[in-house]
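Data first, discussion second: the structure below is written as structure tokens.
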Amino acid sequence: MPNRRERGEGMRVDGRRNDEIRNVKVTRNFTKYSQGSVLMEMGDTKVICTAMIEDKVPVFLKGSGSGWITAEYSMLPGSTQTRKQRDIAKLRLDGRSNEIQRLIGRALRSVVDLTALGERTIWVDCDVIQADGGTRTASITGAFVALVDAVNAIDKVTPFKRYPISSAVTAISVGVVHGEPMLDLCYVEDSKAEVDMNVVMNSKGDFIELQGTGEERPFNNIELMDMLELATIGNTALIEKMKETLGSSMDRVLR
Ligand code: UDP
């Protein structure tokens with residue numbers, strides 16, 4: 001009879017199988033003033049994602065008829081095990097936050113027809129209130145839900161001729177820990193991963209962005225394929241969660 005290791009069961013710190021994501025909880029309308037406001041929880045990682053509409057676009061898009069979506073990402077000082085200095089205290093964003101917020105913006109823009117959105121900007125803010133691995137991926141998935149709510153808020157007042165969102169977008173981390181490919185790493189796993197990778201996908205099953213790092217050691221093609229397979233399992237599970245959370249709003253996205 002195969003042992004637990006061979007069955008891939010209960011080997012992880014939190015008892016998950018290698019192909020299992022953490023518990024996901026998505027709370028919409030979390031705060032009052034943003035058109036989209038979501039508390040996104042993936043296990044112990046918690047991110048507040050808001051989406052706010054501004055009726056103008058950056059200068060480079062003025063008169064183009066096209067809208068814009070942009071994102072900011074930050075970690076609260078008390079969100080990490082040792083206090084994380086506020087970005088503003090350093091008078092400039094740290095490189096990691098900058099990289100992450102650009103990733104979030106690209107992920108969201110990949111599923112939106114900016115011309116259909118019209119000349120308006122949607123500002124998405126992702127604030128990590130508790131970090132336990134996978135904050136950028138939780139930010140992307142949570143930001144997508146906030147974006148849908150913001151787009152629907154516009155639609156209610158000024159109906160779109162063409163609905164601007166063409167697909168859902170979700171993201172998940174994968175990695176190789178002690179030689180084993182794993183899905184959705186928590187901090188303990190992330191901090192000892194030999195390889196780690198963030199995978200952004202849309203609801204058509206296509207890849208939007210892959211960020212893979214073999215800093216500890218290089219990874220081979222077989223490991224890459226294993227990680228992409230796990231990421232597909234994870235993102236498919238997240239799409240199911242999106243359907244549950246967004247209900248009929250998701251039907252419109254997937255149409
Ligand atoms: N982390 C931290 N302080 C930092 C950056 C990261 O404590 O300044 C922790 C946090 O738990 C985070 C994890 O390390 O989720 C992994 O960070 P990484 O840069 O890989 O990004 P993430 O996985 O959060 O997208």
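One residue stands out in the stretch 153-170 among those that are outside any loop (DSSP other than H, G, I, E, B) and not charged (D, E, K, R): the one that is most open to solvent (accessible area, probe 1.4 Å), namely Val157.
Annotation note: of Ile88, Ile129, the sole residue that is more than 18 Å from Met250 (Cβ to Cβ), of a type in the set (A, V, I, L, M), free of Cβ contacts under 8 Å to residues at least 40 places away in the same chain and not in a loop (DSSP other than H, G, I, E, B) is Ile88. Can you say whether Gln85 is modelled with pLDDT under 90 and open to solvent by 60 Å² or more (accessible area, probe 1.4 Å), as far as the supplied structure shows? Criteria met by Gln85. Selection of the stretch 63-82 for residues being touching a strand residue (DSSP E or B) at 6+ places or on another chain (Cβ under 9 Å), open to solvent by 30 Å² or more (accessible area, probe 1.4 Å), more than 12 Å from the ligand (Cβ to nearest atom) and more than 16 Å from Arg136 (Cα to Cα) yields only Trp68. If you check Ser173, Ser110, which single one turns out to be within 16 Å of the ligand (Cβ to nearest atom) and either crowded, with 17+ Cβ neighbours inside 10 Å or of a type in the set (Ser, Thr, Tyr) (or both)? Sole residue among the options that is within 16 Å of the ligand (Cβ to nearest atom) and either crowded, with 17+ Cβ neighbours inside 10 Å or of a type in the set (Ser, Thr, Tyr) (or both): Ser173.
Could you tell me whether any residue of the stretch 199-215 is over 26 Å from Arg102 (Cβ atoms) and of a type in the set (Val, Ile, Thr)? No, every residue in the stretch 199-215 fails to be over 26 Å from Arg102 (Cβ atoms) and of a type in the set (Val, Ile, Thr). Of all residues assigned to the stretch 193-202, at least one qualifies as being assigned to a loop (DSSP other than H, G, I, E, B) and without any contact (Cβ under 8 Å) to a residue 60 or more places away in the chain.
Under the condition of being more than 25 Å from Asp206 (Cβ to Cβ) and among the hydroxyl-bearing types (Ser, Thr, Tyr), the residues counted in the stretch 147-179 number 1. Of everything listed in (1) open to solvent by 10 Å² or more (accessible area, probe 1.4 Å); (2) within 16 Å of the ligand (Cβ to nearest atom), the single unmet condition for Gly105 is (1). Being farther than 19 Å from Ser173 by Cβ and either in a helix (DSSP H, G or I) or touching a residue at least 40 places away in the same chain (Cβ under 8 Å) (or both) holds for only one residue in Ala116, Ala143, Ala138, Ala107, and it is Ala116. In the stretch 172-188 there is no residue that is part of a loop (DSSP other than H, G, I, E, B), of a type in the set (Gly, Ala, Ser), in contact with a Leu (Cβ under 6 Å, 6 or more places away or on another chain) and farther than 30 Å from Glu54 by Cβ.
The values are calculated or read from the model by the stated rules, or taken from the named source; none is laboratory data. As the structure is a prediction and not an experimental result, all values here were calculated from the model. Cβ sites come from the backbone with ideal geometry, for glycine too, and all protein chains shown count toward neighbours. These accessible areas exclude ligands, DNA and RNA; they are computed on the full protein's heavy atoms, side chains included. Shrake-Rupley method; radii C 1.70, N 1.55, O 1.52, S 1.80 Å.
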